[in-house]
Amino acid sequence: MTAAASIRSLADELADVELWDNPFYASLMAVSGYEDAVPDLSPEHQQEWRGRLVSIIVRCGETEPEAVDTDSSVLLAAVRDHAVRSLAWADSRLDEFSVTTFPLSGPSRMLLVASRTRLGDPASAAAYLTRCKRLPAHLDQYTDVVRAAARGGLLPVAPLVEDALRQVREHLSHPERDPMLSRQPPEGWDGAAAWQDEVEQVIRDEIRPAVGRYGDLLAELLPRSRPPEQAGLLYVPGGVAAYACSVRVGTTLPLDPDEIHRTGLTALDEIEEAIAGLGRDALGCRSATEAMARLRESTLSSSNGADAIAHAAAAVSRAEDRLAELFHDPMPPPCAVEPMPRHMAEFGAPPYYSPPARDGSRPGAYLFNNVQPGQAGSWALEATAFHEAVPGHHAQFSRLQLLPNLPLLLSSFNVVPHSEGWGLYAERLADEAGLYSDDTQRLGMLSCAAFRAVRLVVDTGLHARGWSRARAREFALSHSPMPEDFVNAEIDRYIALPGQALGYLIGQREILRLRDNAQAQLGAAYDVRDFHSAVLDHGTLPLTVLRRVVEKWLRERQSVQI
């Protein structure tokens, strides 16, 4: 086997190992072959998964790509980095004690997967039934994992436990809204009636009681959970090391939290200066603080969910009309704009992007919160749509699925600073392309960027400096126009998922740095479409590897000019 083939084999093996460990992720990414499976949280499974990752890392170190084969060198570096980050996340143990309404694990994740499941034929319906039968044991495993972590001093944060308990109780009290029961069998299937009866019986008699047992544990843990004054990882055993792992996963870089904190403060000063200037011209405001206060007030009187989702769809369509100016072929298909699952919308989840099914059975979709639109239905409507759909995540991930030779590891696995850095970059790119409809929406773009800087300050403040939940909330409200409910949900997200929010601004800054360098080096020969191909077409990469890819493209372009 050639070195290139060996490296490709390692990439495919790693993708298989990760999907075997987390078949829910496979379903969300519409990777076939895992529709009947559930995550196995047993110590035996976790030990085997860890051993397989270590084996891949060892073999990466033993493999040498050919000197002229840059693609294989990039892939090898990405494989090793991915495996190391997976181990770092496991070492943080956050999955064991981060109780939240955010769909990271447990019932919330299960319901999100169910809401995005489509049953197109009897085989997929049979797989769904098998998964349903396996879910009670998985939910009980998850409950046991959270219980065991608490016994070892890894306790969740009380306000987040309260929210999760309320979500569980709300779900159990409204069976008619259960997304698991809303899956319909294929039309014309003669086994549909029996299938429906069996699915309903399993959900009613086994799955919902297992969700109830998880809720009972939350009620038991609530009095012992960490108070909001101790929301950060500093206050749990091994928390400093856990946060270092989280920073590594969220940024792909070994950054110091203090450095990240200072970067956030500096960026925030720069963005607030821009907000002050545009706010003066557009709204007659005397300062950034006044401009942001005006935007926050306007959120309360924003349009209803139906109007907001229609306006979001119009913004996406407007951006799609300009795609050829920003990208070379292949062009992604249109992005659907749809309401998000109700169980998430009612708890204030922000809009997000759901990638297309690889087999074409489900389009990529911008899932909009039409129950509580918030700023995404007001001054941040267009910035959010451009981030999540076009020229953001839909242009990014749908494009990757159109590149036939790209390994699954690089086309379907998220690397936060690359993917979310691109999403934030896309908000600014849309402005450069003249896609915003007015200066209020442009202020929304700047305000969204300010909040990404706030994230650097707040995430590190919570987990590296011991900030309380209230102090983090106060800082975010003082430096952004985000409505109070959104800020509360965001702060809880950073508590439950440390490090993830760091990747947005850090990734965007790296993409902009690479672009500025390319423009300076190439001059009149620079074409933004070429740069975007260099950034996107090797798949989702850690920032160190992305840097190598773009620098190689730049050298090649320069050699053509000579």
Check off (1) in a loop (DSSP other than H, G, I, E, B); (2) of a type in the set (D, E, K, R); (3) within 30 Å of ALA158 (Cβ to Cβ) for ASP91 and give me the number that stays unchecked. (1)
Note on ALA520: of the conditions (1) among the small types (Gly, Ala, Ser); (2) under 25 Å from LEU446 (Cβ atoms); (3) open to solvent by less than 60 Å² (accessible area, probe 1.4 Å), unmet is (3)
Picking from GLY434, GLY421, which residue would you name as being on the phi > 0 side of the Ramachandran plot and either surrounded by fewer than 24 Cβ atoms within 10 Å (Cβ to Cβ) or touching a residue at least 60 places away in the same chain (Cβ under 8 Å) (or both)? GLY434
ALA426 passes all but one of the listed conditions (1) open to solvent by less than 10 Å² (accessible area, probe 1.4 Å); (2) in a loop (DSSP other than H, G, I, E, B); (3) of a type in the set (A, V, I, L, M, F, W, C); the exception is number (2)
Scan region 218-229 residue by residue and report those that are buried (at least 19 other Cβ atoms within 10 Å of the Cβ) and in a helix (DSSP H, G or I). LEU218, LEU221, PRO228
Out of SER73, SER27, sole residue that is touching a Ser or Thr at 6+ places or on another chain (Cβ under 7 Å) and either open to solvent by less than 30 Å² (accessible area, probe 1.4 Å) or in a helix (DSSP H, G or I) (or both): SER27
Single residue of region 442-486 satisfying the filter (modelled with pLDDT under 95 and not in a loop (DSSP other than H, G, I, E, B)) that is surrounded by the most Cβ atoms within 10 Å (Cβ to Cβ): PHE486
Going through (1) open to solvent by 10 Å² or more (accessible area, probe 1.4 Å); (2) part of a helix (DSSP H, G or I) one by one, PRO254 fails only at (2)
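Let's see how each residue does on (1) acidic (Asp, Glu); (2) touching an Asp or Glu at 6+ places or on another chain (Cβ under 9 Å); (3) buried (at least 19 other Cβ atoms within 10 Å of the Cβ):
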| site | (1), (2), (3) |
| --- | --- |
| ALA5 | no, no, no |
| LEU10 | no, no, yes |
| GLU18 | yes, no, yes |
| SER42 | no, no, no |
| GLN47 | no, no, no |
| ARG52 | no, yes, no |
| VAL58 | no, no, no |
| ALA77 | no, no, yes |
Which ones in region 262-295 are in a helix (DSSP H, G or I), open to solvent by less than 70 Å² (accessible area, probe 1.4 Å) and out of contact with any helix residue (DSSP H, G or I) (no Cβ under 8 Å at 6 or more places or on another chain)? GLY277, ALA293
Scan region 326-352 for residues that are in a loop (DSSP other than H, G, I, E, B) and within 18 Å of the chain's Cα centre (by Cα) and report the count. 8
Please go through (1) more than 24 Å from ALA496 (Cβ to Cβ); (2) surrounded by fewer than 17 Cβ atoms within 10 Å (Cβ to Cβ) for TYR128 and return the number of the only condition it doesn't satisfy. (2)
Identify the residue in region 535-562 that is without any contact (Cβ under 8 Å) to a residue 40 or more places away in the chain and acidic (Asp, Glu) and, among all such residues, is farthest from VAL249 (Cα to Cα). GLU556
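The values are calculated or read from the model by the stated rules, or taken from the named source; none is laboratory data. Being a predicted model, the structure only gives us computed values, none of them experimental. We place every Cβ from the backbone using ideal geometry, glycine too, and count neighbours over all the protein chains shown. Just the protein is used for accessible areas: all its heavy atoms, side chains included, with ligands, DNA and RNA removed. Shrake-Rupley method; radii C 1.70, N 1.55, O 1.52, S 1.80 Å.
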